[in-house]
Amino acid sequence: MEKLEELLEWGGMKREIIFLVISGIALIVSLVGFDPFPFHMAWIAIVLCGIPIILEAVIGLVTAFDIKADVLVSIALIASVMIGEDFAAGEVAFIMQLGALLEDLTVAKARAGIEKLVHLTPRTARKLTASGEQVISAEQVQVGDILRVLPGETIPVDGIICSGQTSINQAVMTGESLPVDKSVGDPVSSGTVNQFGSFDMKATKVGEDSSIQRMIRLVQSADAGKAKIVGIADRWATWIVIIALTAAALTWLISGQIIRAVTILVVFCPCALVLATPTAIMAAIGNATKHGFLVREGDALERLASISNLTFDKTGTLTYGTPTVVAVKTALPGIEKETLYAYTACAELRSEHPLGKAIVQCYRADQKKSLPEPNDFQMIPGRGVQATVGKKTILAGNQLLLKEKQIRIPKERLQESENYIKNGCTIIFVAADQQFLGFLALSDTVRKDAAATMSKIKKTGAVPVLLTGDHENAANHIASQLHIEEVHANCLPEDKLKWIDTYQNQNKQVCMIGDGINDAPALKRAYVGIAMGGIGSDIAVDAADIALVNDDIKELPHLLLLAKRMMVTIKCNLTFSMALNFIAILLAITGVLNPIVGALVHNAGSVLVIINSAFLLSWHTKKKNN
């Protein structure tokens with residue numbers, strides 16, 4: 001069905017282009033005075049370009065009493081024909097359809113960067129069964145299915161690699177230009193492309209839950225027609241139609257020249273006014289898409305332009321959301337840091353705890369070494385792990401684990417560990433054969449561009465605020481690194497709502513940026529909500545107005561300045577279109593403009609508005625920030 005709609009839309013656009021070419025040739029032939037047919041050549045333009053406008057106006061009036069620009073255009077066309085100005089009627093119809101086509105092309109270009117996601121959904125998948133490999137529809141894949149992906153193929157669903165190594169082109173999801181190496185245990189997303197080796201994967205999210213389908217749903221909800229300012233422009237257009245008819249009637253009665261009245265109708269068409277806002281919004285949405293944002297609500301950028309405070313969740317938003325080993329501290333002179341690190345990673349190798357997995361992952365990344373399998377592994381709930389590594393019995397866990405095993409931790413090491421805890425770290429104490437060896441400190445790390453991003457956000461005039469459920473020490477530590485002055489810690493979801501209400505009751509419009517389920521109420525309550533689309537929960541993304549697909553917060557200053565630039569463009573478009581209409585009306589009333597020249601002046605304004613909006617597609621903050 002979607003394919004059919006796309007074909008019909010493209011077919012309609014091609015038909016418009018053909019009609020415009022034929023009409024343009026007919027008008028040129030008529031202009032030079034060559035009429036090989038018994039009728040005026042301008043009638044070709046009137047029929048091909050004018051009749052669709054009249055039909056749309058009639059349908060709008062009859063079905064919904066919708067008075068828009070096409071009503072005034074239709075009246076101008078009919079009036080021009082009635083007084084014998086066939087060329088003027090043909091020219092008006094031609095230029096009006098040309099303006100409409102330019103708008104369609106601008107919108108299509110703006111949406112192109114988003115809608116390409118729709119075409120990236122794989123049609124088939126290679127399912128591994130007991131009888132061998134079976135090619136099935138991607139829609140038939142179930143959670144838990146084992147799939148094989150060959151080099152060059154698009155990954156059909158989200159999953160985890162269970163065998164094989166490869167490199168994945170994740171540009172569609174993250175914007176990264178270089179492929180990312182993947183191996184056993186690494187997650188892969190639907191819509192990304194397998195570059196080199198083949199691999200087997202276990203499906204974890206399928207159908208509507210897959211990453212590419214989530215992005216497509218966001219795309220389909222982007223609609224510039226929802227913008228409040230578009231509604232204002234439409235209301236203005238309705239009043240302008242009424243005023244135009246009144247002005248034309250009075251001019252005809254006072255001057256007695258119907259040609260002046262017809263010229264007023266031609267130049268009074270509010271096309272530029274109506275085009276001023278949606279073209280700018282769609283161009284800005286297209287620009288935002290190229291920088292990793294999916295705008296779900298048409299008026300989101302309009303609202304974003306007036307925000308004064310940006311409230312950030314901490315974990316997963318300003319930080320990566322995954323614990324990392326930041327310190328390895330030994331307690332015995334004979335034990336090297338590398339040895340302590342290796343003992344701990346080996347003991348945690350079979351652990352399912354997030355901290356245990358983080359230690360193993362960090363060790364492999366830092367040391368570039370393989371780990372031997374531990375023996376006699378035992379998970380101790382709420383305490384840690386115990387395992388035999390080589391000939392040593394290793395304990396790795398919290399302070400209670402060592403206390404229960406009657407292992408003493410030196411006072412100076414406890415004090416040292418408490419300093420790390422004050423900075424938001426989690427401590428894993430390690431012992432071997434009933435002797436304390438030292439500890440590892442793990443912490444969520446700040447995104448590498450976060451500090452620079454906060455500085456640029458301040459330059460836009462917005463105030464960054466940290467709004468986190470983390471304890472005060474961790475919150476203040478992160479805030480000091482990022483130079484954020486306003487910090488609210490220990491926030492439950494209802495506390496975040498309270499703080500947002502407090503700011504907004506002080507006439508400070510708030511933009512909330514978060515990723516978790518606990519952020520969803522705040523994202524919904526804030527004047528504008530931005531969700532981290534890559535690592536964010538489905539609920540958070542659904543609650544937000546904008547999704548940041550690649551989780552790259554360094555693009556936030558660009559989005560803020562783009563929203564402001566969009567509003568400047570809209571105001572310029574509206575001012576220009578109204579001024580042009582006012583001047584043209586005065587010239588029409590005094591008889592300076594005739595219908596032909598009036599049509600050229602009026603439609604030139606529409607084209608200039610569209611071109612001005614189109615500049616937003618390639619606008620970049622680099623020119624403003626340097």
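The values are calculated or read from the model by the stated rules, or taken from the named source; none is laboratory data. Every value quoted in this text rests on a predicted model; they were computed, and no experiment measured them. No Cβ is skipped: glycine too gets one built from the backbone with ideal geometry, and neighbour counts run over all protein chains shown.
Details
- Hey, Tyr320 among the aromatic types (Phe, Trp, Tyr) and either buried (at least 22 other Cβ atoms within 10 Å of the Cβ) or part of a loop (DSSP other than H, G, I, E, B) (or both) or not: no
- Screening the stretch 293-306 for residues that are surrounded by 23 or more Cβ atoms within 10 Å (Cβ to Cβ) and among the aliphatic types (A, V, I, L, M) and picking the one that is farthest from Val510 (Cα to Cα) gives Leu294.
One line per residue, one yes/no per condition, for (1) touching a Pro at 6+ places or on another chain (Cβ under 7 Å); (2) farther than 22 Å from Gly185 by Cβ; (3) surrounded by fewer than 19 Cβ atoms within 10 Å (Cβ to Cβ):
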{"site": "Asp366", "(1), (2), (3)": "no, no, yes"}
{"site": "Lys405", "(1), (2), (3)": "no, yes, yes"}
{"site": "Val430", "(1), (2), (3)": "no, yes, no"}
{"site": "Leu440", "(1), (2), (3)": "no, no, no"}
{"site": "Ser443", "(1), (2), (3)": "yes, yes, no"}
{"site": "Val446", "(1), (2), (3)": "no, yes, yes"}
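- Annotation note: of Ala93, Ala64, Ala42, Ala88, the sole residue that is modelled with pLDDT under 80 and closer than 21 Å to Phe19 by Cα is Ala88.
- Tabulated pairs, the stretch 462-478, first farther than 15 Å from Thr315 by Cβ, second at pLDDT 85 or above and hydroxyl-bearing (Ser, Thr, Tyr), C-beta under 7 angstrom, 6+ apart or interchain: Ala462/Ser308; Val463/Ser308; Val465/Thr311
- If you filter the stretch 192-208 down to residues that are among the polar types (S, T, N, Q) and modelled with pLDDT of 85 or more, you find that the one that is surrounded by the most Cβ atoms within 10 Å (Cβ to Cβ) is Asn194.
- Filtered residue count, the stretch 295-349, keeping only those that are farther than 12 Å from Leu437 by Cα, in contact with a Leu (Cβ under 9 Å, 6 or more places away or on another chain) and of a type in the set (S, T, N, Q): 2
- Hits in the stretch 449-485 - residues which are among the charged types (D, E, K, R) and closer than 22 Å to Ile421 by Cα: Asp470, Glu472, Glu485
- Qualifying residue in the stretch 604-616 (condition: among the hydroxyl-bearing types (Ser, Thr, Tyr) and either farther than 26 Å from Ala79 by Cβ or at pLDDT 85 or above (or both)): yes
- If the condition is being in a loop (DSSP other than H, G, I, E, B) and in contact with a helix residue (DSSP H, G or I) (Cβ under 7 Å, 6 or more places away or on another chain), then the stretch 326-372 contributes Ala331, Glu348, Leu349, Ser351, Leu371, Pro372.
- Filter result for Ala452 (closer than 28 Å to Leu560 by Cβ, crowded, with 17+ Cβ neighbours inside 10 Å and among the aliphatic types (A, V, I, L, M)): no
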